[in-house]
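Q: The structure under discussion is supplied below as structure tokens; questions concerning it will follow.
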Amino acid sequence: MACSLPKTFQGGNIRYDLCGYSSGTDVEIRFELSTASHISIGRQDWIMYLDRKQSDGSWLQAGSRTGWISSSSPSDRVFTNVRSGKLRATVEMLDPDNVGFKYMSVEFNH
């Protein structure tokens with residue numbers, strides 16, 4: 001699957017990449033971090049939400065996933081049987097004081 005509108009977020013020396021992929025009725029969200037080679041980042045817990053844009057412009061939650069990410073372990077989550085349309089994936093960091101921000105999101109068409 002090809003990345004659709006990747007977003008990069010910077011938190012101190014840590015770079016987070018969030019990307020939405022679309023294939024058929026499935027949507028995959030890839031979340032990874034990278035750091036300077038001498039820095040190792042331990043486990044960071046998160047919640048991921050997948051929302052669909054409604055005709056009135058509001059967002060309706062279509063699903064959620066939980067997980068963690070570290071410098072040695074990116075996260076990929078798949079949502080199955082997703083209807084086509086404008087989607088938004090939002091990641092909520094569960095310990096934002098260690099990251100520098102609480103939310104990051106990416107919008108894409110499916």
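Q: Taking only DSSP H segments of four or more residues, each worth -39500 (n - 2.57), what value at 222 nm results for the chain once the sum is divided by all its residues, to the nearest 500 deg cm²/dmol?
A: Theoretical 222 nm ellipticity from helices: -500 deg cm²/dmol.
Q: A further question on this structure: Treat every Asp and Glu Cβ in the chain as -1 and every Lys and Arg Cβ as +1, leave all other atoms uncharged, and give the resulting dipole magnitude about the Cα centre to the nearest 20 debye.
A: Roughly 220 debye, rounded to the nearest 20.
Q: Roughly how many nanometres apart are two label points built 7 Å out from the Cα toward the Cβ at I39 and S73?
A: Each label point lies 7 Å from its Cα, and together they span 2.1 nm.
Q: Between (i) 0.98; (ii) 1.14; (iii) 1.05, which matches Rg/Rh (Cα atoms, Kirkwood Rh) calculated for the structure shown?
A: It is the one labelled (i).
Each value in this text was obtained by applying a stated rule to the coordinates, not by laboratory testing. Model, not experiment: these values are computed from the prediction. Neighbour counts run over all protein chains shown; Cβ positions are idealised from the backbone, glycine included.
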